[in-house]
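Working notes, beginning with the structure itself.
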Amino acid sequence: MSDIKSVAPVAVSDTTSDLDKNAKDTTPVNAAEAIPEQPPSRWRKIVGLVWDSVDGDPEYRRYVQRLDTFFFPTVCFGYFIKYLDQTNYSNAFISGMQTDLGLYGNERNWLNTWFSLGIMVGSVPAQMSQLSFIRPSVLIPSCEVIWSLLVIGMGFAKNIKTMYALRFFIGLFEACAFPGYIAMLGGWYGPKELTKRLAILLQVESIA
């Protein structure tokens with residue numbers, strides 16, 4: 001009697017089982033692949049070219065809009081007042097100040113010189129102060145109030161020496177304005193938004 005046992009043949013079905021038929025595909029589907037991306041409209045392209053892009057993170061766009069609504073107009077107004085003061089005294093000079101104070105020499109040039117000296121003396125300390133000791137939100141408004149009072153005081157000056165002193169201190173307190181405004185804009189706006197705001201700020205200077 002042989003020790004070799006016969007092995008029963010196993011039938012292999014060509015059809016899938018009922019379990020395989022009822023199994024569901026659980027492969028995750030990406031929403032971006034399911035919904036084709038729409039091309040930007042013509043209006044969005046125009047707005048993105050002229051101003052900021054309307055695409056991107058909605059929360060970041062709202063953040064920039066709040067800056068444009070409250071912060072940036074305040075900076076432009078302060079810069080406008082600064083340059084209005086720098087140029088307006090020339091109009092006052094030819095509108096009666098020359099006759100009232102007897103200015104018939106180089107006094108007008110000396111007024112510019114004393115103002116420029118104030119700017120030169122105050123620029124570096126003002127910038128170092130607002131970067132290390134005093135916040136720009138405190139330093140710049142305080143200086144704006146002081147130089148506004150000094151400009152008002154020019155209307156009560158009785159001699160040219162008083163005018164020289166006032167122009168020097170006006171320049172001294174106005175020295176923080178331009179570097180301070182640029183530093184604040186650079187701290188709040190991103191690179192894409194900053195260039196257009198700086199261009200508008202320089203146009204405000206031309207208007208003043």
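The values are calculated or read from the model by the stated rules, or taken from the named source; none is laboratory data. Everything numeric in this text was worked out from a predicted model, so none of it was measured. All Cβ positions, even for glycine, are placed from backbone atoms using ideal geometry, and neighbour counts span all protein chains on display.
Exactly one residue out of Ile146, Ile152 is surrounded by fewer than 18 Cβ atoms within 10 Å (Cβ to Cβ) and either in a loop (DSSP other than H, G, I, E, B) or over 28 Å from the mean Cα position of the chain (by Cα) (or both), and it is Ile152. Scan region 137-152 and tell me whether some residue there is among the aromatic types (Phe, Trp, Tyr) and more than 28 Å from Met184 (Cβ to Cβ). Checked against the condition, which is being among the aromatic types (Phe, Trp, Tyr) and more than 28 Å from Met184 (Cβ to Cβ), region 137-152 yields no hits at all.
If you filter region 107-136 down to residues that are under 15 Å from Arg167 (Cα atoms) and among the hydrophobic types (A, V, I, L, M, F, W, C), you find that the one that is surrounded by the fewest Cβ atoms within 10 Å (Cβ to Cβ) is Met120. Considering the conditions (1) among the aliphatic types (A, V, I, L, M); (2) surrounded by 11 or more Cβ atoms within 10 Å (Cβ to Cβ); (3) over 18 Å from Phe77 (Cα atoms), Leu139 is excluded by exactly one of them, (3). Considering only residues in region 86-113 that are aliphatic (A, V, I, L, M) and within 35 Å of the chain's Cα centre (by Cα), the one that is farthest from Leu172 (Cα to Cα) turns out to be Ala92.
Is it the case that some residue within region 188-201 is within 24 Å of Leu103 (Cα to Cα), in contact with a helix residue (DSSP H, G or I) (Cβ under 8 Å, 6 or more places away or on another chain), in contact (Cβ under 8 Å) with a residue 12 or more places away in the chain and part of a loop (DSSP other than H, G, I, E, B)? Checking region 188-201: not a single residue is within 24 Å of Leu103 (Cα to Cα), in contact with a helix residue (DSSP H, G or I) (Cβ under 8 Å, 6 or more places away or on another chain), in contact (Cβ under 8 Å) with a residue 12 or more places away in the chain and part of a loop (DSSP other than H, G, I, E, B). Taking the conditions exactly as written (surrounded by 16 or more Cβ atoms within 10 Å (Cβ to Cβ), touching a residue at least 12 places away in the same chain (Cβ under 8 Å) and not hydroxyl-bearing (Ser, Thr, Tyr)), does Val64 satisfy them or not? Here the answer is yes, as Val64 does meet what is asked.
For every residue, the table says whether it meets (1) at pLDDT below 90; (2) part of a helix (DSSP H, G or I); (3) under 25 Å from Ile200 (Cβ atoms).
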{"residue": "Ala157", "(1), (2), (3)": "yes, no, no"}
{"residue": "Arg167", "(1), (2), (3)": "no, yes, no"}
{"residue": "Phe173", "(1), (2), (3)": "no, yes, yes"}
{"residue": "Pro179", "(1), (2), (3)": "yes, yes, yes"}
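Could you tell me whether region 171-183 includes any residue that is among the β-branched types (Val, Ile, Thr) and either over 22 Å from Gln98 (Cα atoms) or in contact with a Lys or Arg (Cβ under 7 Å, 6 or more places away or on another chain) (or both)? The answer is yes, given that some residue of region 171-183 is among the β-branched types (Val, Ile, Thr) and either over 22 Å from Gln98 (Cα atoms) or in contact with a Lys or Arg (Cβ under 7 Å, 6 or more places away or on another chain) (or both). Just one of the numbered conditions (1) surrounded by 13 or more Cβ atoms within 10 Å (Cβ to Cβ); (2) in a helix (DSSP H, G or I) is not true of Lys161: (1).
In this entry, Ser53 is excluded by the filter for residues that are surrounded by fewer than 14 Cβ atoms within 10 Å (Cβ to Cβ), modelled with pLDDT of 55 or more, under 32 Å from the mean Cα position of the chain (by Cα) and hydroxyl-bearing (Ser, Thr, Tyr). Scanning region 98-111 for residues that are in contact (Cβ under 8 Å) with a residue 24 or more places away in the chain, part of a helix (DSSP H, G or I) and not aromatic (Phe, Trp, Tyr) yields Leu101, Glu107, Leu111.
State all residues of region 149-164 that are more than 17 Å from Gly96 (Cβ to Cβ) and in contact (Cβ under 8 Å) with a residue 60 or more places away in the chain; if no residue qualifies, say none. Of everything in region 149-164, nothing turns out to be more than 17 Å from Gly96 (Cβ to Cβ) and in contact (Cβ under 8 Å) with a residue 60 or more places away in the chain.
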